[in-house]
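The values are calculated or read from the model by the stated rules, or taken from the named source; none is laboratory data. These numbers come from a predicted model, not from an experiment. Note: ideal-geometry Cβ built from the backbone for every residue, glycine included; neighbour counts use all protein chains shown. Just the protein is used for accessible areas: all its heavy atoms, side chains included, with ligands, DNA and RNA removed. Shrake-Rupley method; radii C 1.70, N 1.55, O 1.52, S 1.80 Å.
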Amino acid sequence: MEMTGGDPGSGSGSGYSWAELSSTLMSMLFVWSMVQQYLPFSLNDLLAPITRRLLAFVNPYVTVTIDEHATSRLRAEPVDLGSDRVSLALDDHEEVADHFRGAKVWWSKSSKTVRRRGDPWSSHRSVIDEERRSYPLTFHRRHRGLVETAYLPHVLAEGRVVAERKRQRSLFTNGAGSEDGWTHVKMDHPSTFATLAMDPEKKQQIIEDLEMFRDGKEYYASVGKAWKRGYLLYGPPGTGKSTMIAAMANFLDYDVYDLELTAVKSNTELRRLFIETTGRSIIVIEDIDCSVDLTGKRSRKKQGKKLRNKRPNRDDDDDGKVTLSGLLNTIDGLWSACGGERIIVFTTNHKKKLDPALIRRGRMDMHIEMSYCSFEGFNVLAKNYLGVTNHELFGKIRRLLEEVDISPADVAENLMTRSKKKDVDTILENLAKVLEQAKEAALAKASLAKDKKDNDQEESDDDDSIDNEGDEVSHFNESEEMEDDYKKKNKKSLFRVLAKVFTCN
Ligand SMILES: Nc1ncnc2c1ncn2[C@@H]1O[C@H](COP(=O)(O)OP(=O)(O)OP(=O)(O)O)[C@@H](O)[C@H]1O
Ligand SMILES: [Mg+2]
């Protein structure tokens, strides 16, 4: 289907132009209305059907007027997507012709100003002038069936596709500055699966899983499951968990709801926020282990006495805080209450800290480990940042990456060019140096740890009353807790940072 300017007469082969035809018709109608006044009623009745047939014979074209509201979904810019696309972005008085299965139709636009009563609560104006647009569609009457049964539904469907493509996605956040539910900014994150550094097989699995989900409406309905899917992204800081969420949203073309649990005051509020989310969206809870005390027995044991007098956090009471049971109930209950096509993603640096109930299959269907930078991951980053797919230093970097735990975020940071002149050799040499230093530091740390263990062992041999294992665990927990404290204070979701940036602008 293509659209060109033209008028109905020029394409009909009748020899009339549309303007000529209309004016002839108008003249005839005018003369006929004059004559009619002097004819007796009976003759008038007799002649009416003949007149109609005569008019129909003279003008074989039919015009239907389609209201703006019916076409609002159709109005889109012309798109170069092959011959089967439609555009209804018309200027006033512009007429465009469209071909469909051998029929030619003409679209035009007309607008009129109507007065309506304004907002009764507004102090400014009580009457508002509003422009109402409509789209007259003219076609030969022999195409009426085709237009009604095939052409208009086709135009509507095409309009929906174009509108969907033009849809601006949003990033919603609750919490600071958004006490009353969600606020949103334009979602404009550039991350895609192509730019995501991770094991290619794992990446492919995730892409296929998302595709199955997106196209699975009938499947989910047939097995009686709500159309939703949960993903747990876990791994050390800077391994791309937040980046992965953005890539998922871009891939599916979904909105993102970044839920800040610490800003949610109660289970009731949590439920409300969930219910307010729309379909085709990803609900994200970042650093779930740091968000609220949702970490179950292990956490309570660790905090010892402090929590002993408190209620266990899996109880159902809504005592002014989000509880684990509140979150579980909200997740489970919501899926059945709201329409489908929702994804929920949790991220954490410490999967083991989470209550198993929170991440069991069915709630978090897929557990995805984001790990330190592999050579495959480095390849993606080198291509993203430097535009190179091979280099003599790649071999050395590969060997070092096998020995060193470095996050993709740190590798990416080292691949950033800091001058206009992109000196790939220097950048890669620097990266190799950084990796070598990291390797040395790791070796030194391991040797220190070994010395400490040996010392502890000796002391333990001297004094049986000291619990070595406990010591080691507490040492480990101390650093983990310090990191968690940092996270609790500086909730650092990538989205939140982005939202802030956009809001400031
Ligand atoms: N796998 C990756 N692929 C591409 N870029 C990455 C990847 N991981 C990290 N980065 C880069 O590092 C930055 C930080 O990564 P990101 O915020 O996604 O890490 P994270 O795993 O969410 O960390 P945290 O656990 O601290 O929240 C990103 O903006 C991106 O530029
Ligand atoms: Mg993150």
(message) Distance between the C-alpha centers of the range 430-452 and the range 362-408? Whole Å please.
(response) 19
(message) Can you give me the distance in nm between label points at residue 451 and residue 392, each placed 7 Å from the Cα along the Cα-to-Cβ direction?
(response) 3.9
(request) Report ³J(HN,Hα) in whole Hz for each residue of the range 208-221, in order, from the Karplus equation J = 6.51 cos²θ - 1.76 cosθ + 1.60 where θ = phi - 60°; Gly and Pro get x. (result) 5, 4, 5, 5, 4, 5, 4, 8, x, 3, 5, 4, 4, 5
(request) Multiply the residue gap between residue 375 and residue 253 by 0.36 nm, knock off their C-alpha separation, and tell me the result in nm, one decimal place. (result) 41.0 nm
(request) Report the label-to-label distance for residue 163 and residue 272 in nanometres (one decimal), using points 7 Å from each Cα along the Cα→Cβ vector. (result) 3.0
(request) Would you rank 45, 423 by solvent-accessible area, highest first, keeping every protein chain in place and using a 1.4 Å probe? (result) 45, 423
(message) From the protein chains alone at 1.4 Å, what is the descending order of accessible area for 262, 243, largest first?
(response) 262, 243
(request) Between residue 67 and residue 221, with labels modelled 7 Å along Cα→Cβ, what's the label distance in nm to one decimal, could you check? (result) 2.9
(message) Take the residue pairs 351/433; 396/439; 241/445 and return only those whose Cα atoms are more than 23 Å apart.
(response) 351/433; 241/445
(request) At a 1.4 Å probe radius, which order do 156, 415 fall into by accessible area, largest first? (result) 156, 415
(request) Could you calculate the contour length gain from residue 99 to residue 24, that is, 0.36 nm times the residue separation minus the distance between their Cα atoms, to one decimal place in nm? (result) 24.4 nm
(request) Keeping all protein chains in position, work out how much accessible area residue 451 exposes to a 1.4 Å probe, and write it in Å² to the nearest 10. (result) 80
